[in-house]
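Note sheet for the following structure.
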Amino acid sequence: MQSLRPPSLPSQPAPASCSAAPELHIASMVVHAASRRLADVRGAILAIGGAEIHGASETGKLVVTLEAPSTEDMLAQIAEIQRIDGVLASALVYQHSDTLAAMNEEIDDVHGS
């Protein structure tokens with residue numbers, strides 16, 4: 001009778017150090033807050049490091065951008081916003097990540113403006 005277990009793989013030591021290049025993660029969100037709690041929600045979002053509010057409506061819609069050094073930090077910021085008392089909903093609109101070196105790279109202006 002044959003064993004149904006897959007053959008075991010030889011164990012490999014973990015890498016001594018994982019020196020990944022520093023990253024920058026950028027995201028934008030639309031956050032819908034209860035209009036009566038809008039001021040509190042704005043204050044709580046602005047208290048999050050890397051968060052900015054770029055627009056707001058009287059009905060409680062906020063345009064928010066986030067910057068973070070890692071995926072985990074970005075997810076933590078998004079979760080923190082979603083847990084704010086008065087936030088009804090949030091939607092991730094855009095997310096980008098790259099190395100800091102690539103983000104700071106000069107880009108030639110091909111149009112000459």
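The values are calculated or read from the model by the stated rules, or taken from the named source; none is laboratory data. Model, not experiment: these values are computed from the prediction. Please note: Cβ atoms are built from the backbone with ideal geometry, for glycine as well, and neighbour counts cover all protein chains shown. Only protein heavy atoms, including side chains, enter the accessible area calculation; ligands, DNA and RNA are left aside. Shrake-Rupley method; radii C 1.70, N 1.55, O 1.52, S 1.80 Å.
See the values below:
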| item | result |
| --- | --- |
| Residue count for segment 90-107, restricted to those that are under 16 Å from the mean Cα position of the chain (by Cα) and either surrounded by 10 or more Cβ atoms within 10 Å (Cβ to Cβ) or modelled with pLDDT under 80 (or both) | 10 |
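Every residue, every condition in (1) in contact with a strand residue (DSSP E or B) (Cβ under 9 Å, 6 or more places away or on another chain); (2) open to solvent by 80 Å² or more (accessible area, probe 1.4 Å); (3) of a type in the set (Gly, Ala, Ser), yes or no:
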position: Gly43; (1), (2), (3): no, no, yes
position: Ile48; (1), (2), (3): yes, no, no
position: Glu52; (1), (2), (3): yes, yes, no
position: Ala68; (1), (2), (3): yes, no, yes
position: Ile78; (1), (2), (3): yes, no, no
position: Leu88; (1), (2), (3): yes, yes, no
